[in-house]
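First the structure, in the form of structure tokens, and then the observations on it.
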Amino acid sequence: MIEIKHLSVRIGHKPVLTDINLNIAAGKVTALLGPNGAGKSTLLKSLCQETEVDSGEILLDNRPLHEWDRLELAKTLAVLPQHASLTFPFKVSEVVAMGLYPLSVSRSQGSEIVDQQLQRLDLLSLKYRSYPTLSGGEKQRVQLARVLTQLQQASRPPILLLDEPTSALDLAQQHRVLSLAKTLAHEHNYAVIVVLHDLNQASRYADNLVVLEQGQIVSQGTPKEALSPETIRQVWKYDPLVVKAPDSEIPLLF
């Protein structure tokens, strides 16, 4: 669905991504992993065209990403950034309704879509709250509801980009959001690409892991394949204790 070919990105004279080759399929969760500065967020920004590419190309359904009609692309691809600055006293429902912009729906249909996403993210009780008064975790979930609203009229499998979506969430909400991402991929054919720091969460919820170090892919595959003790020692400079989960092949890392 998404094909990244020989992608390189520089910021100034500094290479941030070097010769990235990656295929991302619909119906799967792909996690981008690596230490700070490895290039995870830059790769995500390249996919949503927020970062200028130095060389290489990104194809969506065999067509260069930059050739897509912007409105059509907005219905297909949406990103939840790591930080979303919004200080105006909009109600929660109004923030989520911003995701309706590329859609062709009536007022009543739009209201119904917003309520569906608020319910999906356990936010209905906050519908009329002022957005700036929310906690960091609540704001993060509101922004996710907005992004999911944006993808309601995708004419092809939607692409959901998540940049550290659990960073402000408590433990239970972290698992709810990642479980939702997995459900969207497996049951609704989304292509979900998520930047994570927690290797155990990546192992539990992602189908394919991509490990980056200094802007290059050093390992990818299933959790068992991508997160070998050797790779963890090389990339994170940490000697892990690896335990197999009781009823699966998922490695648990301590």
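Against the globular-protein guess of 2.2 N^0.38 Å, express the Cα radius of gyration of the chain as a ratio, rounded to two decimals. Spell out each step's value before the answer.
Values: Rg = 18.4 Å, N = 254, 2.2 N^0.38 = 18.0 Å.
The reported ratio for this selection is 1.02.
Please give the net charge around residue 37, taking every other residue with its beta carbon less than 11 angstrom from that of residue 37, where Lys and Arg add +1 and Asp and Glu add -1. In short, +1. Residues of the range 127-161 with an amide N closer than 17 Å to a point placed 7 Å from the Cα of residue 61 along the Cα-to-Cβ direction: 151-160.
Taking other residues whose beta carbon is less than 15 angstrom from the beta carbon of residue 158, and scoring Lys, Arg as +1 and Asp, Glu as -1, yields +3.
Determine Rg/Rh for the range 129-212; Rg is computed over alpha-carbon atoms and Rh is the Kirkwood hydrodynamic estimate from the same atoms. Please report the intermediate quantities before stating the final value.
Numbers: Rg = 13.2 Å, Rh = 13.6 Å.
Rg/Rh for the range 129-212 comes to 0.97.
One decimal place: the segment residue 111-residue 167 gains 17.3 nm when fully extended, by the rule 0.36 nm per residue minus the C-alpha distance. Length gained on full extension, residue 94 to residue 71, computed as 0.36 nm times the residue gap minus the Cα-Cα distance: 6.2 nm.
Here r is the Cβ-Cβ distance between residue 228 and residue 175 and R0 is 25 Å; the resulting FRET efficiency, rounded to 0.05, is 0.50. Calculated over the range 105-254, the projected area of the Cα convex hull averaged across directions stands at 11.0 nm². Based on DSSP H segments of at least four residues, each scored -39500 (n - 2.57), the chain has a per-residue ellipticity at 222 nm of -10000 deg cm²/dmol.
Looking at the range 146-222, what % of its DSSP beta bridges pair antiparallel, to the nearest 5?
Values: 5 of 10 bridges.
Approximately 50 percent, going by the DSSP bridge assignments.
What FRET efficiency would be calculated for the residue pair residue 130, residue 49, taking the C-beta separation as r and a Förster radius of 41 Å, to the nearest 0.05? Once rounded, the FRET efficiency stands at 0.80.
Need one number: % antiparallel among DSSP beta bridges in the chain, to the nearest 5.
Values: 23 of 41 bridges.
Given both bridge residues lie in the chain, the antiparallel proportion sits at roughly 55 percent.
Highest first, please rank the peptides 137-147, 67-77, 209-219 by the mean number of other Cβ atoms sitting within 10 Å of their residues.
Values: 137-147: 22.9, 67-77: 15.2, 209-219: 20.5.
Order by mean packing, descending: 137-147, 209-219, 67-77.
In plain terms, the chain from residue 216 to residue 156 could stretch by 18.6 nm, reckoned as 0.36 nm per residue minus the Cα-Cα distance.
Taking the inverse of the mean reciprocal distance over all distinct Cα pairs, the Kirkwood hydrodynamic radius of the range 85-153 comes to 11.7 Å. The lysines within cross-link reach of residue 127, meaning a Cα-to-Cα straight distance under 27 Å and a gap of 8 or more places when in the same chain, are 75, 91, 139, 182.
The numbers here are math on the coordinates, done by the rules we state, and not lab data. Keep in mind it's a predicted model, so treat the numbers as computed, not measured. All Cβ positions, glycine included, derive from the backbone under ideal geometry; neighbour counts span all protein chains shown.
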